[in-house]
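Colleague: My questions all concern the structure below.
All of the numbers you see were taken from the coordinates with simple rules; none came from a lab. Predicted model, so just to flag it, every value in this text is computed and none were measured. Counting neighbours? That spans all protein chains shown, and the Cβs are built from the backbone with ideal geometry, glycine included.
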């Protein structure tokens, strides 16, 4: 491990396990020096720390935080980019829980760490003439979608360390970052959002970066666990399946589960039928012999959120496979997935789940921005204190909300395209029983977006992300609706957005 202390972009001191002469880097630029150190010491952890935090760095915490080589960690009082980045960034990586290990590309120069071998993958690909914070955020922003696992990690510093507010990016730096890392249109949308929502006019910052192009280069990060297990850890797994009127499809799911090389400990089925006089339709549960225990619950209350919550109360295994009732998968899915999670210390992951005619867009294992409630595996230890929010029942957004609950408990959601699930999208099932929401009685002015979608935005996004989403929706929806007069459309959209806010807050209070 080599620790670089810095102030005002220059190195003030160094500490290291290495016997090499480190003092030659004193007073040199921290960005270029880190790459030089990485070239000379490719197998060590490089740590940066602001001079003011020199006595508060937690060496043991840093070592304990690295379970994979392909990680980048940092911690600071405030992000380098202001909340305005939310106008263009629509992901769960901005609303950070500072008390847990939280996935984010927002890196801080106050304290952080990365393996030298991973830093070297950016050598000669990024500009080093920007501020240290700008460079760190560039590395994380480019690395995260390609398999570099980036986190805000409080264990880098001793507990109760008082942090100082560090310098934030100027408007010029903000617009430059957006130009380099987002599609060109987002720079214009950033300017528009600032003008509309803040009544400020950073025209010069916009113009100065007008002709910069998006930065693109190829990066590859493989998962490299630091402590490889000699033998595969034996794990147990429960499967939870909400179902409603999909008898044949569910039977096929059970057949796939019965052929698994790692058999489930339990399959927990929650069958729903709102008809008061109805009884179970799943005779094959008792009429056939299955190589695992089946817990069958029958309820007249419909809704996948409630069904999954009922099932979660019954789980006892190490892992839980959240499954839909209309999927198909190969016999090695549970074994390969649980082994992968054990080997790489992963607590939650979503598997590739595609229709038969769809192609997988991703080949890399990376930090996922969502969560699939019908195609994910989660370690039971992180499920003890959370459940699906019933405010989303019969709507959309419960997947994303559940994923955010996991992240705020310190469980990152990883996308794993190596194991695939076929989603049949059964013509019956799902939302096949019409559900009348209270806002559907409101006449012509319907909420836009759906109140459950708005609820998820309010719960799990920054205020700037909500406003940025509103701007994007305004332009996107204009093409799809009938009112083409811009003034009339603006008035209509404003009323629809207001209706959505009203009903989202209604759902929140109801639950």
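Colleague: Please give the contour-minus-distance gain from residue 441 to residue 170: 0.36 nm per residue of separation, less the Cα-Cα distance, rounded to one decimal in nm.
Modeller: Extra length available between residue 441 and residue 170 comes to 92.8 nm.
Colleague: How far, in degrees from 0 to 90, does helix 398-407 lean away from the longest principal axis of the Cα atoms of the chain, to the nearest 10?
Modeller: 40 degrees
Colleague: So how long is each side of the range 2-156 along the principal axes, counting just the alpha-carbon atoms, biggest first, in Å?
Modeller: 45, 32, 28
Colleague: Moving to a separate point now. Just grab the label-to-label distance for residue 336 and residue 480, each label 7 Å out from Cα along the Cβ direction, in nm (one decimal).
Modeller: 3.5 nm
Colleague: What distance in nm separates the two pseudo spin-label positions at residue 64 and residue 357, each 7 Å out from Cα along the beta-carbon direction?
Modeller: Placing both labels 7 Å along Cα→Cβ, they lie 5.3 nm apart.
Colleague: Still on this structure, please answer the following. Between residue 211 and residue 384, what FRET efficiency comes out of the Förster formula 1/(1 + (r/R0)^6) with R0 = 56 Å and r the beta carbon distance, rounded to 0.05?
Modeller: After rounding, the FRET efficiency stands at 0.60.
Colleague: Sorted by average packing, counted as other Cβ atoms within 10 angstrom per residue and highest first, what order do 281-289, 417-425 take?
Modeller: Result, highest mean Cβ count within 10 Å first: 417-425, 281-289.
Colleague: Using the count of nearby Cβ atoms within 10 Å as a rough guide to exposure, how do 208, 308 rank from fewest to most?
Modeller: Result, fewest neighbours first: 208, 308.
Colleague: Divide, for the range 93-206, the radius of gyration over alpha carbons by 2.2 N^0.38 Å, where N is the residue count.
Modeller: This ratio for the range 93-206 stands at 1.18.
Colleague: Counting pairs of alpha carbon atoms under 8 Å apart in space and at least six apart in sequence, what relative contact order in percent does the chain give?
Modeller: Relative contact order, the chain: 14 percent.
Colleague: Additional query: Sorted from fewest to most neighbouring beta carbons within 10 Å, what does the list 75, 345 look like?
Modeller: Neighbour counts put them in this order, fewest first: 345, 75.
Colleague: How large is log10 I(q)/I(0) at q = 0.12, 0.18, 0.21, 0.23 Å⁻¹ when the Debye formula is applied to the Cα atoms of the range 438-510, each weighted equally and without solvent?
Modeller: Taking Cα atoms of the range 438-510 as identical point scatterers yields -0.32, -0.70, -0.93, -1.07.
Colleague: Still on this structure: Working from Cα positions, state the angle (0 to 90°, nearest 10) between the long axis of helix 247-258 and the longest principal axis of the chain.
Modeller: The angle comes out at about 50 degrees.
Colleague: By how many nm would the segment from residue 369 to residue 222 grow when fully extended, if each residue of separation counts as 0.36 nm and the alpha-carbon distance is taken off?
Modeller: 51.0 nm
Colleague: Quick check: the angle from helix 451-460's long axis to the longest principal axis of the chain, C-alpha only, nearest 10 degrees?
Modeller: Roughly 30 degrees, rounded to the nearest 10.
Colleague: Follow-up. Calculate, in nm to one decimal, what residue 55 and residue 203 gain on full extension: separation in residues at 0.36 nm each, minus their alpha carbon distance.
Modeller: Full extension of this stretch gives 49.0 nm more.
Colleague: Packing-wise, with mean Cβ within 10 Å as the measure, how do 127-140, 357-370 rank, highest first?
Modeller: Top of the packing list down: 127-140, 357-370.
Colleague: Let me ask another. Over the Cα atoms of the range 237-423, Rg to Rh with Kirkwood Rh, two decimal places?
Modeller: 0.94
Colleague: Moving on. In the range 390-416, whose amide N lies under 15 Å from the spot 7 Å out along Cα-to-Cβ of residue 278? List them in ranges.
Modeller: Output list for this probe position: 394.
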